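Below: one structure, written as structure tokens.
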Amino acid sequence: MAILSRFKGKSPTPASSTADPEKKPKMLVVGMRERFSPRILLMAIIVSMGGFIFGYDTGQISGFLEMPDFLTRFADTTDLVTGNLKFSNGRSGTIVALLSIGTLMGALIAAPIADHFGRKLSIVFWNMVFCVGVIVQIATTNQWYQIAIGRWVAGLGVGALSVLTPMYQSETAPRYVRGALVSCYQLFITLGIFTANCINFGTEADNSPRSWRLPMGIGFIWPLAMGLGIMTLRESPRWEYRKGKVNSARKTIALSYGVSEDHAEVQREIREIKEKLDAENAGGGKHPWYEIFTGPRMLYRTLLGITLQALQQLTGANFYFYYGTTIFQSVGLPNSYVTAMILSGVNFGTTFPGLYIVEKYGRRPSLIVGGLWMFMCFMVFSSLGHFALDREEPQSTQGIGYAMIVFACLFIAGFAMTWGPIIWAVVGEIYPSRYRAKCMGLATASNWSFNFLISFFTPYITGAIDYRYGYIFAACCFTGAMVVYFFVCESHGRTLEEIDTMYILGVNPIKSAKWEPPEGDELPNLDNTYLTPGARGINKRSEAGVPEEQRKESIAGPSNGGAVLEVSGAR
């Protein structure tokens, strides 16, 4: 029990000066040159292009729904007041939301393919799938369902890339920039939305098919750039090691850190990867998929990731981006495309501070403050829209409309600096390597499921309860802050193994920022623990080949469903 007490938030006894420095190397002391090395920048730009592809596709559809030629070809009803063509709620919801159905499926399919063929080849393949979806859309003349089917196919690629991008970044990035680098996925989503809105603004006055086909055709550039660019990067070192390519994995880690292959930091990471793989093979090598629920503390983490990704959508950010053009046209602003550019510009610009915030202040404080800030903004926005805005003649209360724009911008700024990028970083960190692909796929599928629900039902809900819809999102923002406060451990500055240990040992999330790992001992992690076939919750680890002086000490693991946690003695 002495070992267990050292992991439950108590300050450990400082390691002696004679401790083996290779046992737990200190974090590298790095400066701006190391943080912004050419390799890290190249990785950020190329891999995060998966986010740009999603953002661009999201941003352009909002503008298409208001373009005259697009309406002429695909609209199915007319406005009873003006007599102008428009989309019914069912058709517009289907066109917008089928992308999310595709992304949901792509996110679930991507994990096993990436585990078998590798991260790089998988990224190339799913970019090709996205291009097929764009071809299906751009080739249509007046069949609206062809647009919808094309968006579904493109969504397969977008959903798969939404899993592969954070996964590749998490497995390859140096730990001192891991949070910021994974958060670049969200940064590029915002850049894609902003770019799409700018291009839509440039073509919306054209009454020919070029108004929507040109922005759609430009969408080929991004998957082409990502597919070719990823081939210039190295494969994930963790995937390489698991496939027996040890020397290549070591070289990749050394290049990522900008040090020699025999550097202590490189040796530490290689040793962690080896220990995880050896332990996994000792436990039988193959593990059924349901262990993402039955493994020690895995139900907690799996449900936490699913909840966080769902709450990211339920903050309500996509309420503005999917229907931004339509919403702000209704408040009487002269050009809703300009409004959309302003919103997406704020979204993009304020994501940059988020990359700093995630590393400076940590995950928990940023997400809690961000959730409360968004709660306040939505409360004001919804109250102005419902109680002060004249919805019959919005031009008569244009000042209220502009005030709503201001609070929409304040909301988007809060989202872009906190819940937008940081959720991707948290979900990429909380899972052990054995289950990372499956769990991230499931969590990302949760994101896309709620993305679909919001994008499909928003026209119906706003038609029924107008801007009071924002109160629902406000409640979800507040709930998100509480979920983070009570359930998310602070992972800033920690190795993936330390994060794994915190969740296994049931460290109190509220006190997790002050938790310190013990110096000089092997950290218990999920790969120290195995489920015996047919006996749920009973853990077993092979003792074959273990010297007597390194016999394991069995202790009861907290919050582990009665499981027995086996920790190797100090070596």
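Miscellaneous remarks
- Candidates Arg250, Arg301, Arg297: the one that is crowded, with 16+ Cβ neighbours inside 10 Å, in contact with a Cys (Cβ under 8 Å, 6 or more places away or on another chain), modelled with pLDDT of 80 or more and charged (D, E, K, R) is Arg301.
- So Arg210, is it closer than 14 Å to Thr172 by Cβ, open to solvent by 20 Å² or more (accessible area, probe 1.4 Å) and touching a Ser or Thr at 6+ places or on another chain (Cβ under 7 Å): no
- Residues within region 142-160 that are aliphatic (A, V, I, L, M), in contact (Cβ under 8 Å) with a residue 60 or more places away in the chain and under 12 Å from Ile53 (Cβ atoms), tallied: 2
- Within region 191-232, the set of residues being assigned to a helix (DSSP H, G or I), touching a residue at least 40 places away in the same chain (Cβ under 8 Å) and more than 15 Å from Phe64 (Cα to Cα) comprises Leu191, Gly192, Trp222, Pro223, Leu224, Ala225, Met226, Gly227, Gly229, Ile230.
- When Pro223 is tested against the conditions (1) within 22 Å of Trp424 (Cα to Cα); (2) more than 26 Å from the chain's Cα centre (by Cα), the lone failure is (2).
- If you go through region 377-397 and keep only what is in contact (Cβ under 8 Å) with a residue 60 or more places away in the chain and among the aliphatic types (A, V, I, L, M), you end up with Met379, Leu384, Leu389.
- The condition (being open to solvent by 20 Å² or more (accessible area, probe 1.4 Å), more than 17 Å from the chain's Cα centre (by Cα) and modelled with pLDDT under 85) is satisfied by just one residue among Arg33, Arg73: Arg33.
- Any hit, region 84-98, residues being surrounded by 13 or more Cβ atoms within 10 Å (Cβ to Cβ), in contact with a Pro (Cβ under 9 Å, 6 or more places away or on another chain), charged (D, E, K, R) and at pLDDT below 85: no
- Count - residues of region 356-367 that are part of a helix (DSSP H, G or I) and open to solvent by 30 Å² or more (accessible area, probe 1.4 Å): 5
- If the condition is being part of a helix (DSSP H, G or I) and touching a Phe, Trp or Tyr at 6+ places or on another chain (Cβ under 6 Å), then region 116-130 contributes only Arg119.
- Residues of region 127-158 that are small (Gly, Ala, Ser) and open to solvent by less than 20 Å² (accessible area, probe 1.4 Å): Gly133, Ala148, Gly150, Ala154, Gly155, Gly157.
The values are calculated or read from the model by the stated rules, or taken from the named source; none is laboratory data. Computed from a predicted structure; not experimentally measured. Please note: Cβ atoms are built from the backbone with ideal geometry, for glycine as well, and neighbour counts cover all protein chains shown. These accessible areas exclude ligands, DNA and RNA; they are computed on the full protein's heavy atoms, side chains included. Shrake-Rupley method; radii C 1.70, N 1.55, O 1.52, S 1.80 Å.
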